[in-house]
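The block underneath contains the structure these notes are about, expressed in structure tokens.
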Amino acid sequence: MKTFFIVVGVIALLVTLCVVGGVLNVAGWFVNDSKNGAIVVAQEQLNARALLQKYEWFKNASATLDARQADIHIYDVKCAKMEARKNLDRTDREQLLVWEQEVAGMKASYNSLAAEYNAQMSKVNYRFTNIGDLPQGASTLLPREYKPYQEF
């Protein structure tokens, strides 16, 4: 008899929880279906604050990529000037090797960030890459894609 009351009590508890859960879901407290869930996600991802944060990430990444390109160019010029000299001593050859290693690291870092930038940019057609849809104060469009450095 005691187990009968336990079983009935558990069943009553489950029924009560199902009813309460259904009422809360109808009231909009939980969003479990894919239609409403998609709306919530879209609202979160495309609201003004989220778009501004994404724009800032792209702007910072673009500036970093431009700076890395400039740094690589500077090192390439330095290496070319040193290689053009005749009869490099041991110290100069070691310095040249160090610079070449630094350039290789910068190119790898550039390629990694460029790949991330390109992957993020391809996910959604961001409005801030189109003329007329830039945030207030922005004057130039962000590039759609960065080309990686190619080594032959």
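For the range 61-81, which positions are among the aliphatic types (A, V, I, L, M) and surrounded by fewer than 15 Cβ atoms within 10 Å (Cβ to Cβ)?
Residues of the range 61-81 among the aliphatic types (A, V, I, L, M): 61, 63, 65, 67, 70, 72, 74, 77, 80.
Selection gives 63, 67, 70, 74, 77, 80.
Can residue 68 be described as more than 35 Å from the chain's Cα centre (by Cα) and either under 30 Å from residue 41 (Cα atoms) or in a helix (DSSP H, G or I) (or both)? Quick ask: steps written out before the conclusion?
Values: more than 35 Å from the chain's Cα centre (by Cα): no; either under 30 Å from residue 41 (Cα atoms) or in a helix (DSSP H, G or I) (or both): yes.
Here the answer is no, as residue 68 does not meet what is asked.
Here are some conditions: (1) modelled with pLDDT of 90 or more; (2) more than 27 Å from residue 42 (Cα to Cα). Residue 113 meets all but one. Which one does it not meet?
If we test residue 113 against (1) modelled with pLDDT of 90 or more; (2) more than 27 Å from residue 42 (Cα to Cα), just (2) comes out false.
List the pairs whose first member sits in the range 94-118 and is without any contact (Cβ under 8 Å) to a residue 40 or more places away in the chain and over 22 Å from residue 79 (Cβ atoms), whose second member is buried (at least 16 other Cβ atoms within 10 Å of the Cβ) and of a type in the set (Ser, Thr, Tyr), and whose Cβ atoms are under 8 Å apart, counting only residues at least 6 apart or on separate chains?
Matching pairs, first to second residue: 118/146.
Mind listing whichever residues of the range 82-97 are surrounded by 10 or more Cβ atoms within 10 Å (Cβ to Cβ) and in a helix (DSSP H, G or I)? Talk me through it step by step, then tell me what you get.
Within the range 82-97, the first condition is being surrounded by 10 or more Cβ atoms within 10 Å (Cβ to Cβ), and the residues that meet it are 82-83, 85, 88, 92-97.
Passing the criteria: 82, 83, 92, 93, 94, 95, 96, 97.
The values are calculated or read from the model by the stated rules, or taken from the named source; none is laboratory data. The structure presented is a predicted model; accordingly, all values stated were derived computationally and were not measured. Don't worry about glycine lacking a Cβ; one is built from the backbone with ideal geometry, like all the others, and counts go over all protein chains shown.
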